[in-house]
Amino acid sequence: MNQSTVDANYVEAVKRLEPYNCVLIKKYSMDAVKDFADGSLDFIYIDGNHNYPHVVEDLCFWAKK
């Protein structure tokens, strides 16, 4: 997937989510997790590294949020 496709997908996501009370954050997962208090989120979607150790790390850290 090239960068222009990624950028177009992001613009489409912003457009579709506009009616909802949500925020899209573009950061590395382990950097972003520091910005949120435990128990502060209802839902997250992480499009991160799909290698097993990274998925486990995301689950362990984000599950608290």
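The values are calculated or read from the model by the stated rules, or taken from the named source; none is laboratory data. Small disclaimer: the values here were computed from a predicted structure and weren't measured. Neighbour counts are summed over all protein chains in view; Cβ atoms, including those assigned to glycine, are modelled from backbone coordinates with ideal geometry.
Quick look at the values:
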{"read-out": "The stretch 30-50, residues that are polar (S, T, N, Q) and at pLDDT 95 or above", "value": "S40"}
{"read-out": "Identity of the residue in the stretch 33-53, surrounded by 10 or more Cβ atoms within 10 Å (Cβ to Cβ) and without any contact (Cβ under 8 Å) to a residue 24 or more places away in the chain, that ends up nearest to N21 (Cα to Cα)", "value": "I44"}
{"read-out": "Tally of residues being of a type outside the set (S, T, Y), more than 22 Å from V11 (Cβ to Cβ) and in a loop (DSSP other than H, G, I, E, B) across the stretch 21-65", "value": "12"}
{"read-out": "Unmet requirement for S4, which otherwise passes all of (1) loosely packed, with under 11 Cβ neighbours inside 10 Å; (2) part of a loop (DSSP other than H, G, I, E, B)", "value": "(2)"}
